[in-house]
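One structure is given below, encoded as structure tokens.
The values are calculated or read from the model by the stated rules, or taken from the named source; none is laboratory data. What you see is a predicted model; the values in this text were computed from it and never measured. Glycine also receives a Cβ, built like all others from the backbone with ideal geometry; neighbour counts cover every protein chain displayed. What goes into the accessible areas is simple: the full protein's heavy atoms, side chains included, and nothing from ligands, DNA or RNA. Shrake-Rupley method; radii C 1.70, N 1.55, O 1.52, S 1.80 Å.
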Amino acid sequence: MFTFLFTDIEGSTAALRRLGEGLYGQVLSDHHALVREGLAAHHGTEVDTQGDAFFAVFSSPRACAAAAVDIQQSLASHAWAGGEHVRVRMGIHTGEATRTATGLVGLDVHRAARLAAVGHGGQVLFSESAATLVRDSLPPGAALADLGVHRLKDLAARSTFSS
């Protein structure tokens, strides 16, 4: 069993246009450093990055939730190049995956990625399975709000998630 975390900067293409390659490169570098610090502090493993998106895995859903909260707080308080305000959406799901030569494979990996894709910057969406495991052990100041049942792209079953 794994807990998967996917992250993505909201509006990154527009930010690149606004800031230009030089300043956006600094924003991206700072973003990567802050995310990696949060992963390391909570024993998360970076699986992959693509542009401004991260895929990480945790053995503990509580550690994943704590990492997501810490990362969001670090991102919100950071002094960004060009006065930019960087907002990152995150999706967390706990489920099964198979380790292969190319990485972790399984529908639960896709479910976590789809959760992140429907979120808004600054939001952390939890699948029902992840929310159930962390509900009573969230970091101080964090709370879950039930967002109901939603259909995720290319996944037959509807998903219940919380923020």
task = Heavy atoms only, probe 1.4 angstrom, no DNA, RNA or ligands counted: give me S77, S12 ranked by accessible area, highest first.
result = S77, S12
message = Between D48 and D136, what is the label-point separation in nm under the 7 Å Cα-to-beta-carbon projection?
response = 3.6 nm
query = Which value results for Rg/Rh of the range 55-147 when Rg is the Cα radius of gyration and Rh the Kirkwood radius based on the inverse mean 1/r?
reply = 1.00
inquiry  = If you count only protein heavy atoms with a 1.4 Å probe, what accessible area per residue comes out for the chain, rounded to a whole Å²?
reply    = 51 Å²
note = The percentage of the accessible area of the chain (probe 1.4 Å, all protein chains present) made up of carbon and sulfur atoms, to the nearest whole number, is 52 percent
inquiry  = Not counting ligands, DNA or RNA, and with a 1.4 Å probe, what is T45's accessible surface area in Å² rounded to the nearest 10?
reply    = 80 Å²
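Please list E96, E46 from largest to smallest accessible area, probe radius 1.4 Å, with all protein chains kept in place. Can you show the working numbers first?
Details: E96 105, E46 70 Å².
So the residues, ranked largest to smallest area, are E96, E46.
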inquiry  = How far apart, in nanometres, would the label points at V149 and R99 be if each is projected 7 angstrom from Cα along the Cα-to-Cβ direction?
reply    = 3.6 nm
remark   = Among the DSSP H helices of the chain, those whose Cα atoms extend at least 30 Å along the helix axis and whose mean Kyte-Doolittle hydropathy is -1.0 or higher are 12-41
